[in-house]
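So the structure is just underneath, and the comments pick up after that.
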Amino acid sequence: MTDQSTEIRRLRERVDLLERMLAGTYSFIVAVVLMLGLTLPLFTAHADGEDQKYWSIITASLAPFNSTDVPMEAADWMLTTLFVGLIIITVLILATTLIPAALSSLSDGLRIFGTILTALGTVGAVTVMILIGTSLHTRSYDFGWGGPVLLLGMIAVLPLLSGALRPLVGPRR
């Protein structure tokens, strides 16, 4: 091998390393956005003479277990089930898609599973925003940033699952 071909090979390896580091950083940022989407308030409840209560997906999901602090009527158990589902989907996306992508070990099977989870999570996040948005005008609630941030996080996972980034997030060959 000549010095020039060795230099080109080293340069390619360095560029590959930098690209993989960039994909890993992007995966980490998306994971943070997803976690923020779960913890930021979806809505704020205003009660007469009481303090404001902030409800995120996590706190609204756990509210039925604390019967004195339920943000919604009993008929909204479906919404609570949706919240729990979004928590489960988000944790699965973090565990099966973003962590392997950050470590450059995302296999094709995990990519397909991640795509299905992300589609379900995106539909769930849109549904939560629609349900809360339609009920805001009838109750004393203010809309929060939790839903839009979660939706942004779900959509931000999709580039990592695309075929174009397969060489960066997939196992080295």
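Going through the range 86-110 one residue at a time, which ones are buried (at least 21 other Cβ atoms within 10 Å of the Cβ) and touching a Pro at 6+ places or on another chain (Cβ under 9 Å)?
Scanning the range 86-110 gives a single hit, Leu106.
Just the residues that are hydroxyl-bearing (Ser, Thr, Tyr) and surrounded by 14 or more Cβ atoms within 10 Å (Cβ to Cβ), please, taken from the range 1-38.
Tyr26, Ser27, listed by residue number.
Residue check: is Leu131 in a helix (DSSP H, G or I), within 11 Å of the chain's Cα centre (by Cα) and either at pLDDT 90 or above or surrounded by fewer than 18 Cβ atoms within 10 Å (Cβ to Cβ) (or both)?
no
Check the range 144-156 and report whether any residue there is closer than 30 Å to Arg12 by Cα, touching a residue at least 40 places away in the same chain (Cβ under 8 Å) and under 18 Å from the mean Cα position of the chain (by Cα).
yes
The values are calculated or read from the model by the stated rules, or taken from the named source; none is laboratory data. Since we're looking at a predicted model, the values are computed, not measured. When we count neighbours, we look across all protein chains shown, and the Cβ atoms used for this are built from the backbone with ideal geometry, even at glycine.
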